Amino acid sequence: MARPPALKLAEVLAEIRMSSSAFYRLRARGEAPRMIKLPNGELRCRRADLDAWWEACEGGTPGWR
């Protein structure tokens, strides 16, 4: 089975309806979805990581990842 593609940062931002500056603030605090930094410096997010982050946000879980 093919591995699902990771989402580009722009796709993540569009889905969560957040500006890049707000996202980077969350990321600096360790509260953004888990991201993968590629060798070229671009960021990607696995669908499962984004879904887990959404669930944590909805449940009010402190210390999101």
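No value in this document is a laboratory result; all are computed from the given coordinates. Just so it is clear, the model here is predicted, and its values are computed rather than measured. We place every Cβ from the backbone using ideal geometry, glycine too, and count neighbours over all the protein chains shown.
Farthest toward the dipole's positive end in the chain, which of 48, 24, 38, given Cβ charges of +1 (Lys, Arg) and -1 (Asp, Glu) about the Cα centre?
Result: 38, furthest along the dipole toward the positive end.
Give the long-range amide H neighbours of residue 32: residues separated by 5 or more places, or on another chain, with amide H under 5 Å away, using H modelled in the peptide plane at 1.01 Å from N.
For residue 32, whose amide H was placed from the backbone, the distant partners under 5 Å are 27.
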